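Notes follow the structure.
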Amino acid sequence: MKKLSLLGSTGSIGTQALDVVRGLRGTDGAVEVAALAAHSNIGLLETQIREFKPQAVAVFDLQAAEALRAAVRDLGVRVYGGMEGLCALAALEGADVVLNSVVGMVGLEPTLAALKAKKQLALANKETLVAGGALV
């Protein structure tokens, strides 16, 4: 079973990816959600955490990360914050595949972290590709 780290889980691509994960439950292609990350929508992220039970989550907005940490303290999930949190989830040992749907240039550092950690990368934003191309 593949284990997914989903960066941008509360956006349109992220929520659609989770719909696919739901649809694959109970099949040979089932996917386990190892990690979820969002910018600041901790209401939806908390709902996703309670449904998918990831081992770790990250919130880019540090104040929102603190609020989420308090909201999910009953679950034992690790909560990271900021860019460091996104990069930690991109390189998470418990994940095989990283789906990066983070908007804009923010997605570049986590993409590089995933590649450095030798993760399979599914890139769902063009800005990261354009910015990364400038590094080559």
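A few notes on this one:
- Subset tally (residues that are farther than 16 Å from Thr10 by Cα and in contact with a strand residue (DSSP E or B) (Cβ under 7 Å, 6 or more places away or on another chain)) for segment 86-110: 8
- Residue in segment 61-74 that is under 21 Å from Leu115 (Cα atoms) and not small (Gly, Ala, Ser) present: no
- Residue satisfying condition, being open to solvent by less than 80 Å² (accessible area, probe 1.4 Å) and either outside any strand (DSSP E or B) or in contact with a helix residue (DSSP H, G or I) (Cβ under 6 Å, 6 or more places away or on another chain) (or both), within set Leu129, Leu121: Leu121
- In summary, helices (runs of 4 or more DSSP H) completely within segment 37-118 and bearing 1 or more residues that are farther than 17 Å from Leu18 by Cβ and of a type outside the set (Phe, Trp, Tyr) occur at 62-71, 82-90, 108-116.
Each row is one residue, and each column tells you yes or no for (1) touching a Pro at 6+ places or on another chain (Cβ under 8 Å); (2) of a type outside the set (D, E, K, R).
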| position | (1), (2) |
| --- | --- |
| Asp74 | no, no |
| Leu89 | yes, yes |
| Leu123 | no, yes |
| Val130 | no, yes |
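- Of all the listed residues (Thr27, Thr10), the sole one being open to solvent by less than 60 Å² (accessible area, probe 1.4 Å) and either outside any helix (DSSP H, G or I) or not polar (S, T, N, Q) (or both) is Thr10.
- Restricting attention to segment 17-39 and to residues that are over 13 Å from the mean Cα position of the chain (by Cα) and not aliphatic (A, V, I, L, M), the residue that is nearest to Ser101 (Cα to Cα) turns out to be Asp19.
- For segment 102-136, residues that are at pLDDT 95 or above and among the polar types (S, T, N, Q) total 1.
- Selection from segment 33-57 of residues that are open to solvent by less than 10 Å² (accessible area, probe 1.4 Å), of a type in the set (Gly, Ala, Ser) and without any contact (Cβ under 8 Å) to a residue 40 or more places away in the chain: Ala38, Ala56
- Scan segment 59-103 for residues that are farther than 17 Å from Leu121 by Cβ and either β-branched (Val, Ile, Thr) or open to solvent by less than 30 Å² (accessible area, probe 1.4 Å) (or both) and the total you get is 10.
The values are calculated or read from the model by the stated rules, or taken from the named source; none is laboratory data. Computed from a prediction, not measured in an experiment: that's the story for all the values here. Note: ideal-geometry Cβ built from the backbone for every residue, glycine included; neighbour counts use all protein chains shown. The accessibility values were calculated without ligands, DNA or RNA, using every heavy atom of the protein model including side chains. Shrake-Rupley method; radii C 1.70, N 1.55, O 1.52, S 1.80 Å.
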